[in-house]
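Student: Okay, handing you the structure first.
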């Protein structure tokens, strides 16, 4: 756990991940790869779970490196979870309104929330309960 905090617990890691998520979700549909003969059903949902799971996990990992009380850390972890869910929902609306050839998908929002929720749970186990 210490090596995880040492190498990935820097502030620039979650900031960079947040930026990558935003850029990927704002790409026009014309630059996204077209699924050819080899298709994995609902693969984009797995990507959404990973993007928002990574978002919440990396921010919580960074927060766990700060000298905070257990109670404060739990509150911040929950705030990061809510921010992750809000980020996912808002990006779907941005795709609907502002990004060419992208559409609004409720299933993507659910996948975003699943990823954020799983990372929130793992963060609580690894960084709060595990200590």
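Student: Go through the stretch 96-131 and report how many residues are assigned to a loop (DSSP other than H, G, I, E, B) and either in contact with a strand residue (DSSP E or B) (Cβ under 8 Å, 6 or more places away or on another chain) or surrounded by fewer than 17 Cβ atoms within 10 Å (Cβ to Cβ) (or both).
Tutor: 8
Student: Please enumerate the residues belonging to the stretch 50-64 that are surrounded by fewer than 21 Cβ atoms within 10 Å (Cβ to Cβ) and over 15 Å from residue 124 (Cα atoms).
Tutor: Listed by number, the list holds a single entry, 50.
Student: Of everything in the stretch 1-26 that's modelled with pLDDT of 90 or more and part of a loop (DSSP other than H, G, I, E, B), which residue is surrounded by the most Cβ atoms within 10 Å (Cβ to Cβ)?
Tutor: 9
Student: Among the candidates 54, 88, which residue alone is farther than 17 Å from residue 9 by Cα, part of a helix (DSSP H, G or I), in contact (Cβ under 8 Å) with a residue 12 or more places away in the chain and in contact with a helix residue (DSSP H, G or I) (Cβ under 8 Å, 6 or more places away or on another chain)?
Tutor: Checking each option against the conditions leaves just 88.
The values are calculated or read from the model by the stated rules, or taken from the named source; none is laboratory data. Bear in mind the structure is a predicted one, so any value in this text is a computation, not a measurement. Cβ coordinates were reconstructed from backbone atoms using ideal geometry, including for glycine residues, and neighbour counts include every protein chain displayed.
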